[in-house]
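S.K.: Can you read through this structure? Questions will come right after.
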Amino acid sequence: MNCDMCGRNPQQFKAAVEGSTMLLCQACAKFGKVIGRATQPAPEKVKIEKPETIEIIVADFHKLIREKREALKENHEAFAARLGIKSSILHKIEAGHFTPDMETAKRLEKILGLRLVTTEDAGGKAPVFKQAEGMTLGDFIKVKKR
Ligand SMILES: [Zn+2]
């Protein structure tokens, strides 16, 4: 909405002019008695960013897998066959020399009933609220003096 008086500039102040209340721009506000802001600016909220999480494979995946295999008393070949991977890969996984890709890790989780994938906070960003600075009383006083 534009100024009630000049109609050119945006309304900024609520001012009493000859007994009636008008919404005036900064330039016209000097003709009346400023009693407040024309509009109450809505607090500007910065978009709240959900902390991003990334999936990672737990550090001791090799230990968990080996322990599981040993608990099941299966040899590498039988165990690897059940998991649908090569036994040479299984050797490397159990030695911690090979990290399975996420897809494989999730499949192993399902088959073995282990927790091999976990989520971690990617950025560690806390939600941020920021309030826009409004006009201060000083702004009104300046206008009044003009
Ligand atoms: Zn005006």
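S.K.: Show me the helices (runs of 4 or more DSSP H) entirely contained within segment 53-105 in which 3 or more residues are within 38 Å of the chain's Cα centre (by Cα) and not β-branched (Val, Ile, Thr).
M.R.: 61-72, 87-95
S.K.: Can you confirm whether segment 15-32 contains a residue that is more than 16 Å from the ligand (Cβ to nearest atom), on the phi < 0 side of the Ramachandran plot and in contact (Cβ under 8 Å) with a residue 40 or more places away in the chain?
M.R.: The answer is no, given that none of the residues of segment 15-32 is more than 16 Å from the ligand (Cβ to nearest atom), on the phi < 0 side of the Ramachandran plot and in contact (Cβ under 8 Å) with a residue 40 or more places away in the chain.
Throughout, read-outs are computed from the coordinates displayed, never taken from laboratory work. The model shown is predicted, which means the values in this text are computed figures rather than measured ones. Cβ coordinates were reconstructed from backbone atoms using ideal geometry, including for glycine residues, and neighbour counts include every protein chain displayed.
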